[in-house]
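**Q** Next up is a structure, given as structure tokens.
The values are calculated or read from the model by the stated rules, or taken from the named source; none is laboratory data. Note that this is a predicted model, so its numbers are computed, not measured. Here Cβ is always computed from backbone atoms with ideal geometry, including for glycine, and neighbour counts include all displayed protein chains.
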Amino acid sequence: MKKSKVLIIGATGNIGFQLAKASLELSHPTYALVRDTAFAHPEKSQKLQTLANAGAQLLKGCLEDLTSLVSAIRLVDVVISAVSAKQVPDQISIIEAIKKAGCVKRFLPAEFGVDPDKVQIGDLGYRFYSKKSEIRRIIEAEGIPYTYISCNLFASYLLPSLAQPDLKVPPRDKVRIYGDGDTKAVFVKESDVATFTINTIDDPTTLNKVLYLRPPGNVCSMNELVDIWENKIGKKLEKVYVQEVHILKIIQDSSHPDSTHMVFIYSAFIKGDHTYFDMESEGVDGVKLYPNVKYTTVSEYLDNFL
Ligand SMILES: NC(=O)c1ccc[n+]([C@@H]2O[C@H](COP(=O)([O-])OP(=O)(O)OC[C@H]3O[C@@H](n4cnc5c(N)ncnc54)[C@H](OP(=O)(O)O)[C@@H]3O)[C@@H](O)[C@H]2O)c1
């Protein structure tokens, strides 16, 4: 089957770069819409050079320039947005450009987290999730073919510290455990999220569906995470149990964005937002659909910190 042509918006960003790399690795003709300023930025220009060397076509443009969006989108079949959470509402211009271009077979908006329609944290998230849900509703109302990627947490976020927001590496003496420590969260390495994502774009099974990622070996409670780490370092850690009321107080006593980590921890390890519902009654299971994708498990990921 002919591989769809893909446009990545946000290819200089964290998940966007991985998506562009995966698209090229899976032999899709790949385009990246890039802001002018990125070329002058050392780290971003390095990423762009890597992508260009691998065959990506770099196009200048941005969300604010509708003409640039329409011209770029006319070249492709699939549009993947990987703009940051802050720009989620601005994706309205991508939707407008997709309507104008009239050629898009699939749109994947910037999601790549917990399913925004499933989170149970009320108003705690500063509308982080409701803005993603609003974009979903607009895409659906406009009749644009879509796939939403619900990968839960990127491995590089919270996993290196075992969900200790003040640390960058796993603790070696003392660890905070949230609630009773038995609620399971999901961590997926960004490059694996990208590979699963690119597998969906020409797959009719994922059309107008949410793709959920809960790979075995990546679905872990706090107690299991600590257990895995203790076995690796050959040492027991002192456990401090932090109850739900205390987590809510920490969130209420700190302001946005300082409270953000605790909000994500509350959602994952107290409310169980990654795992409380049955994936297949709400969407499709990425691991079952693409059993050939070799992914990094939590245990393998933590080996990097020994
Ligand atoms: N599951 C998780 O643990 C997790 C963690 C973080 C993020 N996420 C989600 O992943 C998605 C992407 O976030 P990220 O952190 O990967 O993003 P990021 O690293 O901040 O990258 C954002 C990208 O968007 C581009 N961009 C920003 N404003 C733009 C504009 N006006 N026009 C065109 N391009 C623009 C940036 O370009 P420049 O280089 O020019 O600035 C950059 O390439 C979001 O939906 C976010 O919520 C999930």
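**Q** Which of the residues belonging to the range 242-259 are without any contact (Cβ under 8 Å) to a residue 24 or more places away in the chain and among the acidic types (Asp, Glu)?
**A** Once the filter is applied, which keeps residues that are without any contact (Cβ under 8 Å) to a residue 24 or more places away in the chain and among the acidic types (Asp, Glu), the range 242-259 yields Asp253, Asp258.
**Q** If you don't mind, another one. Among the residues in the range 130-138, are any surrounded by 21 or more Cβ atoms within 10 Å (Cβ to Cβ) and small (Gly, Ala, Ser)? Let's see the steps before the verdict.
**A** Step one: list which residues in the range 130-138 are surrounded by 21 or more Cβ atoms within 10 Å (Cβ to Cβ), which gives 132, 135.
Narrowing further to those that are small (Gly, Ala, Ser): none.
For the range 130-138, residues surrounded by 21 or more Cβ atoms within 10 Å (Cβ to Cβ) and small (Gly, Ala, Ser): absent.
**Q** Out of the range 85-122, which residues are within 13 Å of the ligand (Cβ to nearest atom) and within 17 Å of Tyr266 (Cα to Cα)? It would help to see each step written out before you state the result.
**A** Initially, the range 85-122 is screened for residues within 13 Å of the ligand (Cβ to nearest atom), giving 85-94, 97, 108-116, 119.
Hits for the range 85-122 are Gly113, Val114, Asp115, Pro116, Val119.
**Q** Out of curiosity, is Ile251 in contact with a Leu (Cβ under 7 Å, 6 or more places away or on another chain), of a type outside the set (Phe, Trp, Tyr) and in a helix (DSSP H, G or I)?
**A** yes
**Q** Also: Are there any pairs, at least 6 apart or on different chains, whose C-beta atoms fall under 8 Å, with the first in the range 185-197 and over 12 Å from Ile149 (Cβ atoms) and in contact (Cβ under 8 Å) with a residue 12 or more places away in the chain and the second among the charged types (D, E, K, R) and part of a strand (DSSP E or B), and if so, which?
**A** Partner pairs satisfying both residue conditions: none exist.
**Q** What is the residue count in the range 25-43 for residues that are more than 13 Å from the ligand (Cβ to nearest atom) and surrounded by fewer than 20 Cβ atoms within 10 Å (Cβ to Cβ)?
**A** Residues meeting the conditions: 4.
**Q** Looking at the range 123-137, can you tell me whether even one residue there is in a loop (DSSP other than H, G, I, E, B), at pLDDT 95 or above and either under 20 Å from Ile228 (Cα atoms) or away from the ligand (no atom under 13 Å from the Cβ) (or both)? Outline the logic, then answer.
**A** Of all residues in the range 123-137, those in a loop (DSSP other than H, G, I, E, B) come to 126-127.
Add one more test, that the residue is at pLDDT 95 or above, and what stays is none.
Looking for residues that are in a loop (DSSP other than H, G, I, E, B), at pLDDT 95 or above and either under 20 Å from Ile228 (Cα atoms) or away from the ligand (no atom under 13 Å from the Cβ) (or both), one finds none in the range 123-137, hence no.
**Q** Got at least one residue in the range 10-17 being touching a Ser or Thr at 6+ places or on another chain (Cβ under 7 Å), under 26 Å from Val188 (Cα atoms), near the ligand (Cβ under 10 Å from one of its atoms) and among the hydrophobic types (A, V, I, L, M, F, W, C)?
**A** Start the filter on the range 10-17 by keeping residues that are touching a Ser or Thr at 6+ places or on another chain (Cβ under 7 Å), which leaves 10, 13.
Now drop any that are not under 26 Å from Val188 (Cα atoms), which leaves 10, 13.
Adding the requirement that they be near the ligand (Cβ under 10 Å from one of its atoms) leaves 10, 13.
Of the ones still in play, those that are also among the hydrophobic types (A, V, I, L, M, F, W, C) are none.
Within the range 10-17, not a single residue is touching a Ser or Thr at 6+ places or on another chain (Cβ under 7 Å), under 26 Å from Val188 (Cα atoms), near the ligand (Cβ under 10 Å from one of its atoms) and among the hydrophobic types (A, V, I, L, M, F, W, C).
**Q** Tally up the residues in the range 260-284 that are among the polar types (S, T, N, Q), surrounded by fewer than 20 Cβ atoms within 10 Å (Cβ to Cβ) and either without any contact (Cβ under 8 Å) to a residue 24 or more places away in the chain or not in a loop (DSSP other than H, G, I, E, B) (or both), please.
**A** Summing the residues that are among the polar types (S, T, N, Q), surrounded by fewer than 20 Cβ atoms within 10 Å (Cβ to Cβ) and either without any contact (Cβ under 8 Å) to a residue 24 or more places away in the chain or not in a loop (DSSP other than H, G, I, E, B) (or both) in the range 260-284 gives 2.
**Q** Can you tell me which residue in the range 64-84 is surrounded by the most Cβ atoms within 10 Å (Cβ to Cβ), limited to those that are away from the ligand (no atom under 14 Å from the Cβ) and part of a loop (DSSP other than H, G, I, E, B)?
**A** That would be Val76.
**Q** Filter the range 165-176 down to the residues that are within 16 Å of the ligand (Cβ to nearest atom) and either surrounded by fewer than 15 Cβ atoms within 10 Å (Cβ to Cβ) or under 16 Å from Glu238 (Cα atoms) (or both) and list them by number. Full working, then the answer.
**A** Here is the first cut: in the range 165-176, the residues within 16 Å of the ligand (Cβ to nearest atom) are 165, 168.
Result: Lys168, single match.
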